[in-house]
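The values are calculated or read from the model by the stated rules, or taken from the named source; none is laboratory data. Since the model is a prediction, treat every value here as computed from it, not as a measurement. Ideal geometry is used to build each Cβ from the backbone, glycine not excepted, and the neighbour counts take in all protein chains shown.
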């Protein structure tokens, strides 16, 4: 028995089953099976018909082949496509505008890329769209892209424009959208995402300060919002935050990370008789950062005193501010919710 030849039972399996097994391997590893024997070589072409996921990192040395590889991928029924550039600094690889014509695609994630021409869009099956550090020609092209994704559920964008404006393509509501994440210094299309349950809103720099009030009326459309994360820099007062919360009537989870301008560290200027409905009736979890400013502590106190359903209050603090006495006054602050747990973590 010890000298008997090994039996290759796997090669005797039918083509359909072998291809199904190979479809669980990485693209590179699946293709290398073609060198095993004559039995495996015909499977090479069959495998490509089963591949549904393509994940590519592009280095400078192969940037010229980038779009040709995508053109080849279009010949197969891809459902998941992830492309990212490995170029240094702010350099991006240019994609052909046909990248957004992919009828079978369900997930599309692009990182550090750009499309310099006007785009055409055909993404009827797309449910997840992530554009991270992506540059488009103008806002019209971004609006056109969203309009071409009728069943989109998850949107994450950090985009830039080469031109200020286009001809004014209007956004259509994304009725299926459940989750949205915006990280940009550009306008956020609130009116198109009115059905979201989760929203992360990260605005860097001071350029949006004059525009922040214009968001309040648009936020009135977010009647289904349950989870809100705000990352703002140089906001001038907590009144802006309270005004925002007045429009989010069903909010249950709130996370706020704010860095303050020279106007920080003043007394909190909030009418104690004005309590947003989400705080008084729905809020269950609140996370705030602390950077040594007393108005941040006062806002945390405002939440603790007015949120009867609150279960968790998390305060994150930079290590250099962890020894400040004001921070630990929160531990003795009266809480309207008897079940609220306060945690203070140093980062």
Subset tally (residues that are under 19 Å from residue 257 (Cα atoms) and either surrounded by fewer than 14 Cβ atoms within 10 Å (Cβ to Cβ) or not assigned by TED's automatic domain parsing to the domain that holds residue 337 (or both)) for segment 307-324: 3
Segment 221-260 - residue that is under 12 Å from residue 295 (Cβ atoms) and assigned to a loop (DSSP other than H, G, I, E, B) and, of those, modelled with the lowest pLDDT: 236
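Take residue 56 and tell me if it is over 20 Å from residue 146 (Cβ atoms), at pLDDT 70 or above and surrounded by 15 or more Cβ atoms within 10 Å (Cβ to Cβ).
Criteria met by residue 56.
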Filter result for the condition that a residue is out of contact with any strand residue (DSSP E or B) (no Cβ under 7 Å at 6 or more places or on another chain) and modelled with pLDDT of 75 or more, over 40, 96: 96
Residue that is surrounded by fewer than 14 Cβ atoms within 10 Å (Cβ to Cβ), at pLDDT below 80 and closer than 28 Å to residue 123 by Cα, where the choices are 71, 49: 49
Per-region count, segment 105-147, residues within 16 Å of residue 90 (Cβ to Cβ) and not in a strand (DSSP E or B): 2
Sole residue being modelled with pLDDT under 95, under 19 Å from residue 193 (Cα atoms), out of contact with any strand residue (DSSP E or B) (no Cβ under 8 Å at 6 or more places or on another chain) and surrounded by fewer than 16 Cβ atoms within 10 Å (Cβ to Cβ), chosen from 172, 144: 172
Enumeration of residues in segment 74-93 that are crowded, with 18+ Cβ neighbours inside 10 Å and either more than 19 Å from residue 155 (Cβ to Cβ) or modelled with pLDDT of 95 or more (or both): 78, 85, 92, 93
When residues of segment 337-347 are limited to those that are assigned to a strand (DSSP E or B) and either within 19 Å of residue 293 (Cβ to Cβ) or not assigned by TED's automatic domain parsing to the domain that holds residue 297 (or both), the one modelled with the highest pLDDT: 342
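To keep it simple, each residue is scored yes or no on (1) more than 22 Å from residue 201 (Cβ to Cβ); (2) at pLDDT 90 or above.
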site	(1), (2)
269	yes, no
278	no, yes
288	no, yes
300	no, yes
304	yes, yes
315	no, yes
Matching residues in segment 291-336 - criterion: being under 28 Å from residue 277 (Cβ atoms), touching a strand residue (DSSP E or B) at 6+ places or on another chain (Cβ under 9 Å) and in a loop (DSSP other than H, G, I, E, B): 293, 307, 310, 311, 333, 335
